[in-house]
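The values are calculated or read from the model by the stated rules, or taken from the named source; none is laboratory data. Computed from a predicted model, the values in this text were never measured in an experiment. Because the Cβ atoms are built from the backbone with ideal geometry, glycine has one as well, and the counts that use them run over all protein chains shown.
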Amino acid sequence: MNCDDARFALEADPSGDDAALAAHVMQCPDCAVHRRELRELDRRVRAALEVPVPDTTRARFDAADLAAREDNVVALPARALARVRRLAGGLALAASVAGVAVLAGLLWAGFPRDSLAADVVAHMAHEPDAWSTTAPLAAPEVARVLAASGLRLRPGAIEVTYASTCWFRARRVPHLVVRTATGPVTVMVLTGERLAAGERFDEGGFRGVLVPAGAATLAVLARDEADLDAAAARTLAALET
């Protein structure tokens, strides 16, 4: 099972116990984090939707049951009474379903996560072979990866030696390695991640910059003295929507 299959399975059922999924999560820190986030979100949504049956409704059922017994009338069987109670609870639950989408969005937006820079660096640890490729990648392959995120590259603008679609914070994002005059740099176009201003970081053996790019953020990292600012500017100029 690869990361794409694992993320698809987790998003369908965060509590699933499929053996292949469990084995993958055990050896993939990214998917393990994703599973924890989805399970916590699922727990919060379930808790928010658990609307208890009002005490007055429960009391009404109990009183009716008691009166029936006192009048020598055959009472509802316990199973039927439980079904009625579940129905009442279900009606209360249904009343809140209309707000599920908004609630889930608010919970996800407020979900505690590591910094964007820390998550980018952590992601890099799982694709060490990306740095070892030196031959230019065929343009159609680069185009295929970028097209998955609604992007394209101006012909001849930059030289890409590696291109892959990766899962990052529950989204598919393009991950490129770009050759520059001062050394290779990794470029990730983090769709859905907005920054008010640029940010520099130096951690985990990487130097990097995060650059606002409209509805996305461009992350550029290097392990050596590559010119990150120049690489970021060239990549931004080369990418089109």
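Which residues, counting only those in the stretch 143-160, are without any contact (Cβ under 8 Å) to a residue 40 or more places away in the chain and out of contact with any Lys or Arg (no Cβ under 9 Å at 6 or more places or on another chain)?
Step one: filter the stretch 143-160 for residues without any contact (Cβ under 8 Å) to a residue 40 or more places away in the chain, giving 143-145, 147-148, 155-156, 159-160.
Listed by number, the residues that qualify are Arg144, Val145, Ala147, Pro155, Gly156.
Looking at this structure, is Leu218 under 28 Å from Val25 (Cα atoms) and buried (at least 19 other Cβ atoms within 10 Å of the Cβ)? So that I can check it myself, show each step before the final result.
Numbers: under 28 Å from Val25 (Cα atoms): yes; buried (at least 19 other Cβ atoms within 10 Å of the Cβ): yes.
So Leu218 passes the test.
Quick check on my filter: what residues within the stretch 112-164 are out of contact with any Asp or Glu (no Cβ under 8 Å at 6 or more places or on another chain), of a type in the set (Val, Ile, Thr) and not in a loop (DSSP other than H, G, I, E, B)?
Val120, Val142, Val145, Val160, Thr161
Got a number for residues in the stretch 183-204 being crowded, with 17+ Cβ neighbours inside 10 Å and not in a loop (DSSP other than H, G, I, E, B)? Spell out how you get there, then give the answer.
Step one: list which residues in the stretch 183-204 are crowded, with 17+ Cβ neighbours inside 10 Å, which gives 184-191, 193, 201.
From what is left, the residues that are not in a loop (DSSP other than H, G, I, E, B) are 185-191, 201.
Adding up the residues that qualify gives 8.
Considering only the stretch 167-182, I want to know if a residue exists there that is more than 20 Å from Asp30 (Cα to Cα), at pLDDT below 90, surrounded by 14 or more Cβ atoms within 10 Å (Cβ to Cβ) and in contact with a strand residue (DSSP E or B) (Cβ under 7 Å, 6 or more places away or on another chain).
no
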